[in-house]
Each structure stands twice: as C-alpha cells, then as structure tokens.
Amino acid sequence: MAPAAVRGPVARPRTTMPGPVRIWEVGPRDGLQNEAAIVPADVKAAMVDRLAAAGLPVVEVTSFVHPSRVPQLADAEEVMARVRRRPGVRYPVLVPNRAGLERALASGATDVCVFASATETFARRNLNRSRDEALAAFEPVVAGAKAAGAGVRAYVSMCFGDPWEGDVAPGDVLSVAERLLAMGCDELSLGDTIGVATTGQVVGLLDDLERAGVGLERVGVHFHDTYGQALANSLAAVERGVTTVDASAGGIGGCPFAESATGNLATEDLCWALAGLGIETGVDLVELVATSVWMASVLGRPSPSKVVQAMARGLQSGGAGQGEAR
Ligand code: MG
C-alpha cells in the first residue's frame, strides 16, 4: 500500500487489453552489467531479494559469461549463493556456452538464458562468431539445460535495428526465432538493443511471428529507451497479445557491447502504465520505487525513471504537494 498522500496510478481497465502481464526483471543482470560501479555481491543479492519481495515473479540474477567479458558480474556464484530464493519466483541466469551452463547449474540455477543475434555484425562483435555459427553453438547448451530440467529462454538482439547494418529484415528475426524454438528453447525475448523500434515495427513483427506459427505466449519483448519509445513499444506489444515484458528496476543498464544503446525500460514506468489499464502484475510499486532509490544511492547517480523520481519525491515529503491522497 502507498502511504496515504503518495499518488498512485488510477486504473480504468480496458476490456480489449489482455490479462495479467509477467514482468521479467533484468536489473540485477542487464542493469548492473552496464554500470561503471562494481557492486558487491551482498548488495546484488539484497537487490534481487528486494525485487522479489516487491512482487516481481522473475528476477534475472546474473550472468555466467567469462569474468573478463563482464567484470561487473564476475561474482556470479557468490551472488547465487547469497540470494534467498522465494517460492514461486524464478531466478534465471545468462549462460554463453557449456562451461557457463555447468557453472550455472552447479550454482543451483533452474532457469537459464542464451543470447543470439538477429544480425550478422552484432553476432560477430558480441559473440565472436557468425550468426549461424553462434546458433549452432547454442544447440548443445540448450540440450544440456533441458536435460538438467532447466527452463531456457533465448534473447534475440537487434530485432528492430542494428548500429552497423541499419534496418533489420523481419525475416531475419523470424528465421533466428524459429531456429531457437526448434532447438528446444521454451521462450524468446525480442530485443530492441539500440532502442530504435517503432510501435508499427513491433506489431508488424508480432504479426509475422504469429503468421509463422509462433505462439505469442512464448514471446517476450525487451525495449531500450534511446528514442523514448520503450514504454510505447511495450504497450503496443501487450495490446497485440504479448504477456511477458522485460524491464529493469529504476531503468538502469543498457548494453555495453552496442554503441549508442541507452537504458532499459524502467520497471516502475511499465508498472504505472499497466496498472492504469487495470492489468495485473503483482508488483508493489512503492516497494519497487524504494528499492530503486536505494540502488541509485549505491550506484551514485539518480534513477532515470520518471516514475521513480516523482514517487520518490512524494515518499520523501510524506506526500505533500503530490496531489490528492489516494
Ligand atoms: Mg537491455
């Protein structure tokens, strides 16, 4: 519950919108991997615990990439050991290869994510392989994860634009998506890695996927806010039938391997918008904002989220000047 004088979103449900949306929280992984500050393992674990306590059903914890690749997440085992897992919450981790998968499973991970690219250039730059070679390399990783009973999500980067190649053909995204699902991935996350997507592109790509037989219940979306479109694109996807949306608490993070990428969609901004449509997320927005305010102090810079900024002012002033009590 919000303190009495802190304004919360007013809901006016629309019957044309779908049911509950599952927010896939990526802040501890996708957020922190792009922060200059190295956050101690106990603080990372506390962040994960607070996000789960705020009602987020999926909290991506860390990445088992080689520590030299992402020094910010070099303590993956330690963070996994410190997280106090709540029943019903999923704690996925990124795995780049078989070695990463073995480390993740040894740390008790029950959900893993692989990451592919829709474009050739990003595959070569981020994965050091051609796009098809990278996909082939994931086959034994996905098979190994499935054999261990783990859930597998596949991230697809550069679905809507690529900094080196420019436009991305929807057919390229479709072929990568179909191949990842065929090798056994349970679900996909379509990434707008550089934040250039438009709502027209988003709905069009979802149309293409559905026409090709890909059920949208297996498709999540992951938007960045470079052009200020992350929330609009997310809502367009939800209206089109997507029920999993990625977001990062406080809007932290981006992608350190893609020039011109900016921050992730802030979880708070998404929660506010979905609540206004009467769409259930299960998230306690006040608890979430308090967590992001705390993380902003840890990182030494304010949250870029407008909802965090506005609600934090209300929380700090006891609600004075924030409009009517709710
Ligand atoms: Mg991201």
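Measuring nothing but how far apart in sequence close Cα pairs (under 8 Å, 6+ apart) lie, relative to its length, the chain scores a relative contact order of 24 percent. What residue among Gly55, Val238, Leu180 has its Cα farthest toward the positive end of the dipole of segment 22-316, where the charges are +1 on Lys, Arg and -1 on Asp, Glu, each on the Cβ? Working it through, the farthest residue towards the positive pole turns out to be Gly55. Springs between alpha-carbon pairs under 10 angstrom, Gaussian network model over the chain: which of Ala232, Ala36, Ala53 fluctuates most? Ranking Ala232, Ala36, Ala53 by mean-square fluctuation puts Ala36 first. Restricting the GluC sites (Glu not before Pro) of segment 187-289 to loop positions (DSSP other than H, G, I, E, B) with no more than 10 neighbouring Cβ atoms within 10 Å leaves Glu259. Across segment 213-224, computed HN-Hα scalar couplings (Karplus, 6.51 cos²θ - 1.76 cosθ + 1.60, θ = phi - 60°) run x, 8, x, 5, 5, 9, 10, x, 10, 9, 10, 10 Hz from first to last residue, x flagging Gly and Pro. The stretch between Ala81 and Tyr227, if pulled fully straight at 0.36 nm per residue, gains 48.8 nm over its current Cα-Cα span. Could you work out which residue, out of Met158, Met80, Met17, moves most in a Gaussian network model of the chain, that is, has the largest mean-square fluctuation with Cα springs under 10 Å? Residue with maximal mean-square fluctuation among Met158, Met80, Met17: Met17.
3J(HN,Hα) couplings calculated from phi for segment 150-161 with the Karplus curve 6.51 cos²θ - 1.76 cosθ + 1.60 (θ = phi - 60°) are, in sequence order, 7, x, 10, 10, 10, 7, 10, 7, 6, 6, 10, x Hz; Gly and Pro show x. Computed with every protein chain present, the accessible area of Lys44 is close to 10 Å² [probe 1.4 Å]. Ligands, DNA and RNA aside, Asp207 has an accessible area near 50 Å² when probed at 1.4 Å. Simple rule: put +1 on each Lys or Arg Cβ and -1 on each Asp or Glu Cβ in the chain, find the dipole, and look at Ala116, Val221, Val286; the Cα lying farthest toward the positive end is Val286. Filter the trypsin sites (Lys or Arg not before Pro) in segment 46-129 down to the DSSP loop ones having no more than 11 other Cβ atoms within 10 Å, then list what survives. The qualifying sites are Arg84. Label-to-label distance, Glu165 versus Glu102, with points set 7 angstrom from Cα along the beta-carbon direction: 3.2 nm. Computed about the Cα centre, the dipole magnitude for segment 22-316 is approximately 700 debye when only Lys and Arg (+1) and Asp and Glu (-1) carry charge, each at its Cβ. Take the alpha carbon gyration tensor of segment 39-181, find the square roots of its eigenvalues, order them as a ≥ b ≥ c, and report rounded if a/c is under 1.5; if not, report prolate when a/b exceeds b/c, else oblate. Prolate shape, in that a/c is at least 1.5 and a/b is the bigger ratio. A Gaussian network model of the chain, with springs between Cα atoms under 10 Å, assigns the largest mean-square fluctuation among Asn34, Asn97, Asn126 to Asn126.
Each helix, a run of at least 4 DSSP H residues, gives -39500 (n - 2.57); summed and divided by the residues of the chain, these come to -11500 deg cm²/dmol at 222 nm. If you take all other residues with their beta carbon under 12 Å from the beta carbon of Cys113, and give Lys and Arg +1 and Asp and Glu -1, the sum is -3.
Database remark: amide H of Val6 closer than 5 angstrom to the amide H of Arg326 (H placed geometrically; neighbours at sequence offset of 5 or more, or on other chains; Pro and chain starts carry no H). Looking at the chain alone, DSSP beta bridges between its own residues are antiparallel in about 5 percent of cases. For Thr15, the accessible area of its heavy atoms, probed at 1.4 Å with every protein chain present, is near 140 square angstrom. Scalar couplings 3J(HN,Hα) for segment 55-65, obtained by applying the Karplus form with A = 6.51, B = -1.76, C = 1.60 to θ = phi - 60°, are x, 6, x, 9, 10, 6, 8, 6, 9, 9, 6 Hz; x denotes Gly and Pro. Amide H contacts of Phe160 (H built 1.01 Å from N, in plane; Pro and chain starts excluded): Thr193 sit under 5 Å, all sequence-distant by 5 or more or on other chains. For segment 280-299 and segment 1-64, compute the distance between their C-alpha centroids and round to whole Å. Using only Cα atoms, the two centres lie 7 Å from each other. Heavy-atom accessible area, probed at 1.4 angstrom with all protein chains present, ranks Asp42, Asp75 as Asp42, Asp75, highest first.
The values are calculated or read from the model by the stated rules, or taken from the named source; none is laboratory data. Just so we're clear, the structure is a prediction, and the values are computed from it rather than from any experiment. In this analysis, Cβ positions are derived from the backbone assuming ideal geometry, glycine residues included, and neighbour counts consider all displayed protein chains. Quick note on the areas: whole protein, heavy atoms, side chains included, nothing else; ligands and nucleic acids left out. Shrake-Rupley method; radii C 1.70, N 1.55, O 1.52, S 1.80 Å.
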